[in-house]
Amino acid sequence: MANHETERRASGRRGLLTGLAGLAAGATLGAGRPSAPAPPGVVLLGAYTSDLGGGGASGAAGSGPSTSTGLGVGIGLASYDRKTGRMTAAGVIEGVADPSYLALHPRGHTLYAVNERQNGTVTAVRLADRRILGTRTTGGALPCHVSVHPSGRWLLTANYLSGSVAVHPIDATGALAEPSDVVAHLVPPPGPDQESAHAHQIITSPDGRFVLAVDLGNDTVYTYRLDPTSGRLTRITHVSLAPGAGPRHLTFHPRGKFAYVANELDNTVVVCAYDPSTGDLSPGPARPTGSGTGGARNYPAHILVGKSGRFAYLANRGHNSIARYAVEASGARLRLLNTVPVRGDFPRHIAFSPDERLLFAANQRSGSVTVFRADPGSGRLTPSGAPYPAPGAACALVRF
């Protein structure tokens, strides 16, 4: 691959997007050959165009209409300038319906998208030629989150409406088999004003030992162990947050000793101590989101922590801002620094560029992506250019 100095010199150059194979692997340069200019980065855009109504966890009460990226049903593609963040349309991966959340295989060769519909499914796409490798049921309704186990052998999905999580085997080509396990969140009972469980996220712990599932409907985070042979989940423990908190999204501090939970319904963030030996979470006091107490209601969505572990960011839907926090006490404390207007409506997802000098916000209701420069020293966000039009933008997967 091009060395760091070459990449630095080329970071501001623009070029044509030559294909998605570059997502899977960089080109190897022969000895003595001059390095080619680095191509622009790539953003893959999941979209969901259903009217959100209130502040439902996945932002949908039904299956909604087919997704439109502006170029057709499917996953939108854009290139971006790695220095300025300026985005340029680069086509669409067609034939993927309502792809609200996206995840990439650890080896980079396959993209996965949940199809957020009443009869939930997940689709695998080979990036080298954009070929759809197949679509499988998630065993539930309105799947809204997908992640890949670090081993690359298992895909994990969360079914919002049916309150369940599923595991799919992944074969050597990146294609999916039918679920090896589907687990419903039957206990504890639903929280205030909730009729049932609503699984909203499923991820693997930083050390790969446990799988954690966040459920908005019963205010609970579950810890599972994944059997590496059968692909079945065994519940190890669970922790309940405040009644009516509505936990939506969890992310870990890079050191793996603390996790941060964005609570959609009570408009808070909670720092949880994490025991990597047992998978236990111990919630601390609720922290503010910077949205104030007056005006429109706010529904926190996605929380993000940088690789340095010094700053955290929260997408505020309703207040339509991104909150910036200082991460203190080795990860044990979040201190709100400020909020920045997102210049869009209902930011559902935020993501860094790989070098973390740019932050992308997918604004679902306004159908746009806002790009910010992120200062590595202060964590301060500065808008960079006009928002990029992306109807139904629900997820921005950002790659070189």
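The values are calculated or read from the model by the stated rules, or taken from the named source; none is laboratory data. From a predicted model like this one, the values you see are computed outputs, not experimental measurements. Cβ: placed from backbone, ideal geometry, glycine included. Neighbour counts: every protein chain shown. Ligands, DNA and RNA are stripped out before the accessible areas are found, and what is left, the full protein with its side chains, is counted by its heavy atoms. Shrake-Rupley method; radii C 1.70, N 1.55, O 1.52, S 1.80 Å.
If you check ARG255 against the conditions, is it part of a loop (DSSP other than H, G, I, E, B), of a type in the set (Lys, Arg) and touching a residue at least 40 places away in the same chain (Cβ under 8 Å)? First the steps, then the outcome.
Working: part of a loop (DSSP other than H, G, I, E, B): yes; of a type in the set (Lys, Arg): yes; touching a residue at least 40 places away in the same chain (Cβ under 8 Å): yes.
Judged against the criteria, ARG255 is a match.
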**Report entry** Scope segment 329-357; condition more than 29 Å from PRO389 (Cα to Cα) and open to solvent by less than 40 Å² (accessible area, probe 1.4 Å); matching residues
**Finding:** GLY331, LEU334
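Going by the structure shown, is VAL167 of a type in the set (A, V, I, L, M, F, W, C) and touching a Pro at 6+ places or on another chain (Cβ under 7 Å)?
On the way: of a type in the set (A, V, I, L, M, F, W, C): yes; touching a Pro at 6+ places or on another chain (Cβ under 7 Å): yes.
Yes.
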Report summary line: The one condition PRO347 fails out of (1) in contact (Cβ under 8 Å) with a residue 60 or more places away in the chain; (2) closer than 22 Å to VAL270 by Cβ is (1)
Query raised in the report: Just one of GLY163, GLY217, GLY208, GLY174 is in contact with an Asp or Glu (Cβ under 7 Å, 6 or more places away or on another chain) and not aliphatic (A, V, I, L, M); which is it?
Result: GLY163
Requested in this report: With respect to GLY91, determine if the residue is modelled with pLDDT under 95, open to solvent by 30 Å² or more (accessible area, probe 1.4 Å) and over 15 Å from the mean Cα position of the chain (by Cα).
Outcome: no
Query raised in the report: Hey, does segment 212-220 have a residue that's open to solvent by 20 Å² or more (accessible area, probe 1.4 Å) and either on the phi < 0 side of the Ramachandran plot or touching a helix residue (DSSP H, G or I) at 6+ places or on another chain (Cβ under 7 Å) (or both)?
Result: no
Query raised in the report: Cβ-Cβ below 9 Å, separation at least six or inter-chain, first residue in segment 104-125 and within 16 Å of HIS168 (Cα to Cα) and open to solvent by 10 Å² or more (accessible area, probe 1.4 Å), second at pLDDT 95 or above and charged (D, E, K, R): which pairs?
Result: THR121/ARG136
